[in-house]
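Here, each number is a calculation from the coordinates, and none is a lab measurement. Note that the coordinates shown come from a computational prediction; the quantities given were computed from them, not determined experimentally. Glycine gets a Cβ as well: all are built from the backbone with ideal geometry, and neighbour counts include every protein chain shown.
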Amino acid sequence: MVHFDLPPPAGLTVKTVAYLPHRSPSVRGRLATVGSAVLARSVWRCEEEDYPLVRWATLSHPLLPEPFEGIRIAQIADVHAGAFMPPARLARVRALVETLNPDLVVFTGDQLDRRAVDAELFVHGFAGLAAPLGVFGVLGNHDHLASRELGIAALDAVGATPLVNACAPVERGGACLLVAGVDDLESPKGPNFPIVQRYRADFRLLLCHQPRGWARARRAGAELTLSGHTHGGQIAFPSQGVNLARLTTRYVAGPYGDGHHALFVSRGVGVGAVPLRWGSPPEVDLITLRRGPFHWA
C-alpha cells in the first residue's frame, strides 16, 4: 500500500519554467537568454502568468447516443509533477479545470515526471478532483520511470479511476459510453487495445498516452481517442513549420479524423527535461461531444 501525505514534501526544491510565446516582443534578446540558461540548468521565471490556456473543441459524431449529447470532457495531459511544476501552478491547473465544470475529467498520462516524490506533488495538487460522470486516468512513459505501481497509486489517491489496460462503462439514460485506457506503448507489459471491445457500448472513448497508437485504437473500434505526450512539440516555430514533435509522430496537437474515428492530441500543461516552451503554450482541453455528421469544430 502506497501512502501519500497531502502537504507537499518538506524541503522540496522546485524550479519554474519559461513559457515564451513565439510572438514575444523581444524575441532576439530572450533567445540569447534562453540559450545560456538552458545549458546552465538555471531557474526560470514564468513569463506568462495566465498560462495554462483552455483549448476548446467540439466533436460531432453520428454514433454518440442522445443521452450523452453535449457531454463536456476536460483533458489534463502531461502534468509532469516534479522539479519544473511548482505547487502554485498545479493549483492553477486544478482551479481552471473546476471552473470549466466538465462532466468528465481524464488524465492522459505523464502525471509524474520521474521521481517517487513527484507522486506526492501530484496528489497534493489534485486530491479530491471530481466530476459528475467520473475522473479517469492512464499512465505515460514518465509515470513508468517513477514506477507503474506508484503511477497507479497516485491516480487512485486523487480519486481518479486508473484505466491501465482496463475500461469503465458510463451509463446515462439507458445508453453506455465506454471509457477505456491502455498502458503506455513503451511499458513492459504493453498496451491491450482489444480491451475497447470488452463491454457492449454505444460509443467508445479511449485514453492512450502516445498518439502514434491511434492506428491500433481505430482498429480496436475506438470512436474517440485522447492523447498527449507530444507537448505540442514543446519548442516550435509555427510560422516556419518547425516542430520537434514531428520527429516522432505526424499527430502533433489538436484534432484529427479518419472516417468516423477521431483523435485529439493535447499540448499538455508541463514540460520534460528542458524547462522551456516556445511556440507551444501549455493547455487544458475541453472537448464537447455532439450527435451529428462527423466533424471537428
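Can you work out D for region 140-297 in µm² s⁻¹ from Stokes-Einstein, where Rh is the Kirkwood radius over C-alpha pairs, the temperature is 4 °C and the viscosity is 1.567 mPa s? The partial results should precede the final answer.
Values: Rh = 16.6 Å.
Roughly 78 µm²/s, to the nearest whole number.
Legend: ranking of residues ARG267, ARG89 from fewest to most surrounding C-beta atoms inside 10 Å; resulting order ARG89, ARG267. Per the Debye formula on identical point scatterers at the alpha carbon atoms of region 48-167, with no solvent, log10 I(q)/I(0) at q = 0.12, 0.13 Å⁻¹ is -0.44, -0.51. For region 87-134 and region 159-220, what is the separation of their Cα centres, given in Å? If we compute the Cα centre of each part, the gap is 20 Å.
So, counting K/R as plus one and D/E as minus one, what does the shell of residues with Cβ under 12 Å around SER147 add up to? Display every interim value, and only then the final one.
Details: positive: ARG114, ARG115, ARG148; negative: ASP118, ASP143, GLU149.
Within the 12 Å Cβ shell, the charges total 0.
Full extension of the chain between ALA273 and LEU145 gives 44.8 nm of extra length, using 0.36 nm per residue less the Cα-Cα distance.
Restricting the GluC sites (Glu not before Pro) of region 168-238 to loop positions (DSSP other than H, G, I, E, B) with no more than 16 neighbouring Cβ atoms within 10 Å leaves GLU186.
What whole-number distance in Å separates the alpha-carbon centres of region 277-294 and region 135-153? Centre-to-centre distance over Cα atoms comes out at 23 Å.
Translational diffusion of region 139-208, estimated by Stokes-Einstein from the Kirkwood radius over alpha carbon pairs at 20 °C in a medium of 1.002 mPa s, is 169 µm² per second. Our coupling estimate for region 224-232, obtained by passing each phi through the Karplus curve with A = 6.51, B = -1.76, C = 1.60 and θ = phi - 60°, is 9, 10, 10, 9, x, 6, 6, 6, x Hz, Gly and Pro reported as x.
In square nanometres, what is the average projected area of the Cα convex hull of region 62-115?
Details: hull surface 18.8 nm².
Reported value for the Cα convex hull: 4.7 nm².
Once the chain from GLU98 to ARG200 is taken as fully extended at 0.36 nm per residue, the excess over their C-alpha distance is 33.6 nm.
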